[in-house]
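These notes concern the structure reproduced below.
The values are calculated or read from the model by the stated rules, or taken from the named source; none is laboratory data. Keep in mind it's a predicted model, so treat the numbers as computed, not measured. Glycine gets a Cβ as well: all are built from the backbone with ideal geometry, and neighbour counts include every protein chain shown. For accessibility, only protein heavy atoms count, side chains too; no ligands or nucleic acids. Shrake-Rupley method; radii C 1.70, N 1.55, O 1.52, S 1.80 Å.
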Amino acid sequence: MNKKFKIILFSIALIGIVGFTGFNYLMHGGARNLSNEDAAFTVSSKAITGEFASNVDIANKKYLEKAIVIKGIVTKITDKEVTIDHSIICNLKDLDATIKKNQMITLKGRVVGYDDLMGELKIDQCLKSS
């Protein structure tokens with residue numbers, strides 16, 4: 001019984017370690033530093049939303065999970081979120097007090113998806129670009 005108990009205890013510990021490692025990788029392993037990455041595309045807000053509105057599948061293949069630079073006018077600001085031209089939601093990596101409503105802005109971020117029901121493009125890890 002002593003040997004059986006050790007095997008069971010070892011198995012539980014191994015499953016716990018593998019589970020913790022897997023969870024940690026999923027939650028933090030995919031984080032990228034976009035400030036050091038070159039943007040795959042530089043587009044206006046109108047152009048990219050037009051591409052997604054006309055054909056989501058093609059636009060997803062082109063932009064999804066890629067770093068882009070996007071230009072447009074800030075229409076809404078909440079805490080760490082900026083809305084550009086009423087249709088692009090940018091989650092800021094860090095709060096930036098220099099961003100003002102109705103200002104032309106250039107942001108760099110990673111495209112994470114398009115909500116075709118709401119007509120909104122979601123971008124995360126955004127930072128102000130020059």
Is segment 28-110 rounded, prolate or oblate when judged by the Cα gyration tensor, a ≥ b ≥ c being the square roots of its eigenvalues, rounded requiring a/c under 1.5 and prolate requiring a/b larger than b/c?
oblate
Relative contact order (%) - criterion: Cα under 8 Å, at least six apart; region: segment 1-95:
20
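Looking at segment 43-128, which trypsin sites (Lys or Arg not before Pro) are DSSP coil and have at most 15 other C-beta atoms within 10 Å of their C-beta?
Numbers: sites: K46, K61, K62, K66, K71, K76, K80, K93, K100, K101, K108, R110, K122, K128; in loops: K66, K80, K93, K100, K101.
Those satisfying the criteria are K66, K80, K100, K101.
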With a 10 Å cut-off between alpha carbons and a GNM built on the chain, which of A53, A40, A97 moves the most?
A97
Under-5 Å amide H pairs with G113, H placed in peptide plane, nonlocal only:
K122
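Under the 0.36 nm per residue contour assumption, what length would be gained going from the current alpha-carbon distance of T106 and I73 to full extension? Walk me through the intermediate numbers first.
Numbers: separation 33, 0.36 × 33 = 11.88 nm, distance 0.87 nm.
The span from T106 to I73 would gain 11.0 nm if fully extended.
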For T75, residues with placed amide H under 5 Å, excluding near neighbours
T83, I84, D85, H86, N102
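How large is the charge dipole for the chain, taken about the Cα centre, if only the Cβ atoms of Lys, Arg (+1) and Asp, Glu (-1) carry charge, to the nearest 20 debye?
It works out to roughly 520 debye.
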Evaluate the distance, in nm, between pseudo-label points positioned 7 Å from the Cα of I15 and of K3 along their respective Cα→Cβ axes.
2.2
Report the extension gain between D96 and T42 in nm, rounded to one decimal, defined as 0.36 nm multiplied by the number of residues separating them, less their alpha carbon distance.
17.3 nm
The set of residues whose placed amide H lies less than 5 Å from the amide H of S129, leaving out same-chain residues fewer than 5 positions away, is T106, L107, K108
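Taking K and R as +1 and D and E as -1, what net charge do the other residues with C-beta under 15 Å from the C-beta of G119 add up to? Don't skip to the answer; put the middle values down first.
Numbers: positive: K46, K76, K122; negative: E51, D85, D115, D116, E120.
After counting each charged neighbour, the total is -2.
How about segment 28-109: which GluC sites (Glu not before Pro) there lie in a loop by DSSP and see at most 14 other Cβ atoms within 10 Å? Mind showing how you got there, number by number?
On the way: sites: E37, E51, E65, E81; in loops: E37, E65.
Passing sites in segment 28-109 are E37, E65.
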Of the cross-linked pairs K80/K128; K71/K108; K46/K80; K71/K122, which ones have a Cα-Cα span greater than 18 Å in the structure shown?
K46/K80
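Give me the accessible area per residue for the chain, probe 1.4 Å, as a whole number in Å². Write down the numbers at each step before the final one.
Working: 8560 Å² over 130 residues.
For the chain, the per-residue accessible area is 66 Å².
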Could you work out what % of the accessible surface of the chain is carbon and sulfur, using a 1.4 angstrom probe and leaving DNA, RNA and ligands out of the count?
61
